[in-house]
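Working notes for the structure below.
Bear in mind these aren't lab numbers, they're just calculated from the coordinates by the rules spelled out. Since we're looking at a predicted model, the values are computed, not measured. Cβ atoms come from the backbone with ideal geometry, glycine included; neighbour counts cover every protein chain shown.
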Amino acid sequence: MKIRNVSACDAEQIANIRRQDRVREELLALTSERSDEVVLFINSLNEYDRAFVAEKNGNVIGAIFLLASCTEKRKHSATIEIMVDEKFHRQGIGSALLKKAIEDADKVLEIHRLELLVLTENKTAISLYEKHGFVIEATRKKSAVKNGMYVDEFMMARIRQEARLNVN
């Protein structure tokens, strides 16, 4: 497996992953996820965003997006979104993708705060995030709908400890 930068050519495979039942349910994605929408999303990424895919035998098996905040008062923070093909769950793919995104956030972008949302019932993902230094900061009650039911989400964040505020 290798981790590489995302390309618009990956859009169809990413859309296919997002449509998988176990992935879609946790991402709250739509069954109608279209590859042209993914192409538009990939093309909209700016110089401060990062997107990587995990590839095995020429096939995309996971993706991670690090979306930097564009506002002046929040430019030190970014949001993480991650997905892994359901056939490759629990094989270290998510961990490898998260490690790569954190490395870029810390060393290249000098992001101080990484944050994400995860359904409170997704124990596997929560464990992965905690392994990489994320902590639960809040519970968003009934913030999403899954299978026709209201569900809660955790807001989790990782603060880069060595970061220093450099205000001009």
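Sum up the charges of everything whose Cβ sits under 14 Å from the Cβ of S44, counting Lys and Arg as +1 and Asp and Glu as -1, but leave S44 out. Combined, the nearby Lys, Arg, Asp and Glu give -4.
From the largest down, the chain spans 46, 36, 28 angstrom on the principal axes of its Cα atoms.
The Cβ shell under 9 Å around I61 holds other residues with a net charge of 0, Lys and Arg each +1, Asp and Glu each -1. Helical runs assigned H by DSSP (4 residues or longer) give the chain a calculated mean residue ellipticity at 222 nm of -8500 deg cm²/dmol, each run adding -39500 (n - 2.57) before division by the residue total. Residues whose amide H lies under 5 Å from that of K146, counting only those 5 or more places away or on a different chain, are V151; hydrogens are built 1.01 Å from N in the peptide plane. For the chain, lysine pairs with C-alpha atoms less than 17 angstrom apart, excluding pairs fewer than eight positions apart on the same chain, total 13.
For the chain, averaging the sequence separation of C-alpha pairs within contact (under 8 Å, six or more residues apart) and dividing by the residue count gives a relative contact order of 18 percent.
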